Amino acid sequence: MASLQFPDNSLLAKLAAILGPQGFITDPDLVTPWLTDWRRRYHGRTAAMLAPADRDQVAQIVSLAAEARVALVPQGGNTGTVAGATPPPDGSALLLSLRRMNRIRSISAEDNAVIAEAGVILSNLHDAAAAVGRRFPLSLAAKGSATIGGLVSTNAGGTQVLRFGPMRALVLGIEAVLPDGSLFEGLATLRKDNRGYDLRQLLTGAEGTLGVITAAALRLVPAVGARAVAWAGLPSPEAALKLLRRLEEATGEAVESFELVPANALALVLEKLPMLRSPLAAAAPWNVLIECVGSAGAPDPAIKLAELLGEQIDAGLVTNATLAASEAQAEALWALRESISEAEKADGPSLKHDISVPVSEMPSFVERERERVEARFPGSRIIAFGHLGDGNIHFNLLPPDDADRLAWIEQHGAAATAVIHDLVVASGGSLSAEHGIGQAKLAEFARLADPVRLSAIRAIKAALDPVGIMNPGKLVPLASKEKGQ
Ligand SMILES: Cc1cc2nc3c(=O)[nH]c(=O)nc-3n(C[C@H](O)[C@H](O)[C@H](O)COP(=O)(O)OP(=O)(O)OC[C@H]3O[C@@H](n4cnc5c(N)ncnc54)[C@H](O)[C@@H]3O)c2cc1C
């Protein structure tokens, strides 16, 4: 790829003239908070933060950047966990914030579809869908900040993948500015469209490396009629998977969330967030948070869920359980699950691994590999929690309590991560289940990915972005000949 340039004064002046003071931001107080990733491990610099108001301004920015060979780093809510939206530290790239583009262009209960601009915040989309008697069935703990552009670009997962799939399954259409500044208008909400390569799917999960998403058409589903939320204690992850399958048999498609929470994750949450309450009278080694949902007119899922949990307590699969009796109690149970990342952050630096393995492998993987990793790195603790039904667990390693955590990670972090990823690959899994590659996983992706996958990814990148201006240094590992340049 041709070499990139630093932005010069002539380019900056043109951009300032197009975007005006609201869209061309250089005040360090306004820019600096967006130059560090959510986990505060990567710090970037930029000559300016560009905040376009509409897609025409995005197209003008990208055309000028392509002509000047200057890199752009798209950014939404900056909640990504692999530092995909953090510009490089040398100041060579311009930060392109989509947050001002936050309009819902249209929403239709009849079409079961919404067209939302890239900067729409997920919880605002939830509210807009609720206002027309529908819902957008993807949620995650960062919903108050994560944007549609970021969610599409990372192919985000979250807590309802079990029933509705990840973002990829919910994107009906995409509007994006491609790396040469041209506008791809693919927003038509067609259920069937067989015109060859699917650019919508190519841009979904591309982490800003193939273009800038300016809007997306998204699928809606009927609003929730009734929901039932329960917390159950179990002896093992194996029991948890058995419980999930029994629940599915008993309730059909009603199970939307089935989140595994080990005792150590729950204890950390209760320690770091003392306003939260323990859900069960007696602590269990493993827990699951279950949500079953029925649409209006369907039988109340709480009846089946209570019945099944009672049966499974009698059968010894479940040790104890509680069913939320009100919305407030349901939210309190969810708060326990959604606070795990925050509790880990409050506890200090740790090593995160967002892994997937085939669902049937997950129970034994969690127990066997947890023991193996803890034995290999004495004093370390694994907190393995998350989306059991999707075969996706956050397999996070906390350094020993008596260690200086940053120093420990500096010394052992790369080795520990490599051990964990090797175990994942040996189980036929992926080192990135839902968070993407960004810059945090790039070296491990390059080390472990199948060469055929890597060369296809590089070929797609080179075809659509030959100058390489879109989010360089993220997702696409350099080929060895480029590294030497
Ligand atoms: C507490 C917490 C919980 C989380 N839970 C989950 C979870 O359960 N499941 C999950 O999948 N993720 C989860 N995440 C990760 C994160 O919320 C998602 O990755 C989300 O999709 C990022 O959205 P964002 O708007 O913040 O994007 P950013 O972080 O700003 O960007 C993410 C990536 O997308 C690119 N990008 C952003 N906008 C655009 C655009 N308009 N066009 C092109 N590229 C763009 C960026 O360059 C970057 O590569 C969690 C994060 C936090 C902090």
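The values are calculated or read from the model by the stated rules, or taken from the named source; none is laboratory data. As the structure is a prediction and not an experimental result, all values here were calculated from the model. Heads up, the Cβs are rebuilt from the backbone with ideal geometry, glycines too, and the neighbour counts pull from every protein chain shown. Note: areas computed on protein heavy atoms with side chains; ligands, DNA, RNA excluded. Shrake-Rupley method; radii C 1.70, N 1.55, O 1.52, S 1.80 Å.
Summary of computed values
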{"item": "Lone unmet requirement of (1) free of Cβ contacts under 8 Å to residues at least 60 places away in the same chain; (2) open to solvent by 50 Å² or more (accessible area, probe 1.4 Å); (3) more than 13 Å from the ligand (Cβ to nearest atom) for ARG227", "result": "(1)"}
{"item": "Residue, nearest to GLU67 (Cα to Cα), within region 135-148, restricted to residues that are within 12 Å of the ligand (Cβ to nearest atom) and open to solvent by 10 Å² or more (accessible area, probe 1.4 Å)", "result": "SER145"}
{"item": "Any hit, region 396-405, residues being within 16 Å of the ligand (Cβ to nearest atom) and either at negative phi or among the basic types (Lys, Arg) (or both)", "result": "yes"}
{"item": "Hits in region 314-345 (condition: under 20 Å from the mean Cα position of the chain (by Cα) and farther than 14 Å from ILE382 by Cβ)", "result": "TRP334, ALA335, LEU336, ARG337, GLU338, SER339, SER341, GLU342, ALA343, LYS345"}
{"item": "THR86 vs. criteria touching a Leu at 6+ places or on another chain (Cβ under 9 Å) and either hydroxyl-bearing (Ser, Thr, Tyr) or at pLDDT below 95 (or both)", "result": "yes"}
{"item": "Those residues of region 92-105 which are more than 30 Å from ARG191 (Cα to Cα) and either within 14 Å of the ligand (Cβ to nearest atom) or among the charged types (D, E, K, R) (or both), in sequence order", "result": "ALA93, LEU94, LEU95, LEU96, SER97"}
{"item": "Flag for ALA142 being part of a loop (DSSP other than H, G, I, E, B) and either modelled with pLDDT under 95 or in contact with a strand residue (DSSP E or B) (Cβ under 8 Å, 6 or more places away or on another chain) (or both)", "result": "yes"}
{"item": "Test: PRO137 is within 25 Å of GLN439 (Cβ to Cβ) and in contact with a helix residue (DSSP H, G or I) (Cβ under 9 Å, 6 or more places away or on another chain)", "result": "no"}
{"item": "Qualifying positions in region 65-91 - of a type in the set (A, V, I, L, M), more than 10 Å from the ligand (Cβ to nearest atom) and either farther than 22 Å from ALA16 by Cβ or in a helix (DSSP H, G or I) (or both)", "result": "ALA65, ALA66, ALA68"}
{"item": "Single match in ALA324, ALA346, ALA328 (criterion: under 24 Å from PRO274 (Cβ atoms), aliphatic (A, V, I, L, M) and either in contact with a Phe, Trp or Tyr (Cβ under 6 Å, 6 or more places away or on another chain) or modelled with pLDDT under 95 (or both))", "result": "ALA346"}
{"item": "Residue in region 392-402 that is within 23 Å of GLU248 (Cα to Cα) and touching a residue at least 60 places away in the same chain (Cβ under 8 Å) present", "result": "yes"}
{"item": "Test: residue in region 111-119 that is closer than 20 Å to THR209 by Cβ, touching a residue at least 24 places away in the same chain (Cβ under 8 Å) and touching a Gly at 6+ places or on another chain (Cβ under 9 Å)", "result": "yes"}
{"item": "Residue tally, condition near the ligand (Cβ under 8 Å from one of its atoms), open to solvent by 30 Å² or more (accessible area, probe 1.4 Å) and touching a Pro at 6+ places or on another chain (Cβ under 8 Å), over region 156-168", "result": "0"}
{"item": "Scope region 184-199; condition within 14 Å of the ligand (Cβ to nearest atom) and in a strand (DSSP E or B); matching residues", "result": "PHE184, GLY186"}
{"item": "Qualifying positions in region 106-134 - more than 15 Å from the ligand (Cβ to nearest atom) and either hydroxyl-bearing (Ser, Thr, Tyr) or not in a loop (DSSP other than H, G, I, E, B) (or both)", "result": "SER106, ILE107, SER108, ALA113, VAL114, ASP127, ALA128, ALA129, ALA130, ALA131, ARG134"}
{"item": "Number of positions in region 31-64 that are hydrophobic (A, V, I, L, M, F, W, C) and either more than 16 Å from the ligand (Cβ to nearest atom) or part of a loop (DSSP other than H, G, I, E, B) (or both)", "result": "7"}
{"item": "Boolean, ALA239 is within 9 Å of the ligand (Cβ to nearest atom), touching a Phe, Trp or Tyr at 6+ places or on another chain (Cβ under 9 Å), outside any loop (DSSP other than H, G, I, E, B) and open to solvent by less than 30 Å² (accessible area, probe 1.4 Å)", "result": "no"}
{"item": "Qualifying positions in region 367-411 - part of a strand (DSSP E or B) and open to solvent by 60 Å² or more (accessible area, probe 1.4 Å)", "result": "ARG381"}
{"item": "Test set (1) assigned to a strand (DSSP E or B); (2) under 26 Å from LEU289 (Cα atoms) - GLU175 fails condition number", "result": "(2)"}
{"item": "Contacts under 6 angstrom Cβ, first residue in region 328-350 being under 20 Å from ILE409 (Cα atoms), partner of a type in the set (S, T, N, Q) and surrounded by 15 or more Cβ atoms within 10 Å (Cβ to Cβ), 6 or more apart", "result": "GLU344/SER350; SER350/ASN396"}
{"item": "Given (1) assigned to a helix (DSSP H, G or I); (2) open to solvent by less than 10 Å² (accessible area, probe 1.4 Å); (3) within 16 Å of the ligand (Cβ to nearest atom), index of the condition LEU202 fails", "result": "(2)"}
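For (1) under 24 Å from GLU434 (Cα atoms); (2) within 13 Å of the ligand (Cβ to nearest atom); (3) open to solvent by less than 10 Å² (accessible area, probe 1.4 Å), each residue gets a yes or a no:
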{"position": "THR209", "(1), (2), (3)": "yes, yes, yes"}
{"position": "ALA215", "(1), (2), (3)": "yes, yes, yes"}
{"position": "LEU220", "(1), (2), (3)": "yes, no, yes"}
{"position": "LEU244", "(1), (2), (3)": "yes, no, yes"}
{"position": "GLY252", "(1), (2), (3)": "no, no, no"}
{"position": "PHE258", "(1), (2), (3)": "yes, no, yes"}
